[in-house]
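Colleague: Below: one structure in structure tokens.
The values are calculated or read from the model by the stated rules, or taken from the named source; none is laboratory data. All values derive from a computational prediction rather than experimental measurement. Here Cβ is always computed from backbone atoms with ideal geometry, including for glycine, and neighbour counts include all displayed protein chains.
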Amino acid sequence: MAKAVETAEAKGKLADLAGRVAARGKRIIVQQRGKPVAVLIGIEEYGRLQDHGRRRQPALPPVLVERQKALVARARRLRARHGDPVGGLAELLKSLPPATDPFWAEIAQEPF
């Protein structure tokens, strides 16, 4: 289990704490008023975490990054021109006939 130290104690013992995590692979939780705010870990563990993060989310190829940027830009232009799509959809749904309307209820039952 990781040892917990308050920030004031950690400030005065940083060299010692860094030595513990480096030499013994310990983890030290830094707390502020009893609440965890940071963790000291060894550089090897940090490297493993970095490698794990890179494997889980591979970088997109440059062509896809450019396409993504173009799509986001277009979506922003459309939103500026036509307004919020969620609000527009809500207005559209309000204008539809009620489910109790026999004609629309029958259509809703039709298989596609």
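Colleague: Under 9 Å between Cβ atoms, which residue pairs at least 6 apart in sequence (or on different chains) link something in the stretch 79-93 that is assigned to a helix (DSSP H, G or I) with a partner that is charged (D, E, K, R) and surrounded by 10 or more Cβ atoms within 10 Å (Cβ to Cβ)?
Modeller: 85/79
Colleague: Output yes when any residue across the stretch 57-68 is more than 24 Å from the chain's Cα centre (by Cα), at pLDDT 75 or above and not in a helix (DSSP H, G or I), and no when none is.
Modeller: no
Colleague: Hey, among the residues in the stretch 21-43 that are in a helix (DSSP H, G or I) and touching a residue at least 12 places away in the same chain (Cβ under 8 Å), which one's surrounded by the most Cβ atoms within 10 Å (Cβ to Cβ)?
Modeller: Here the answer is 21.
Colleague: Looking at the stretch 92-112, which of its residues are exposed (fewer than 10 other Cβ atoms within 10 Å of the Cβ) and either at pLDDT below 75 or of a type in the set (D, E, K, R) (or both)?
Modeller: Across the stretch 92-112, the qualifying residues are 92, 93, 94, 98, 99, 106, 108, 109, 110, 111, 112.
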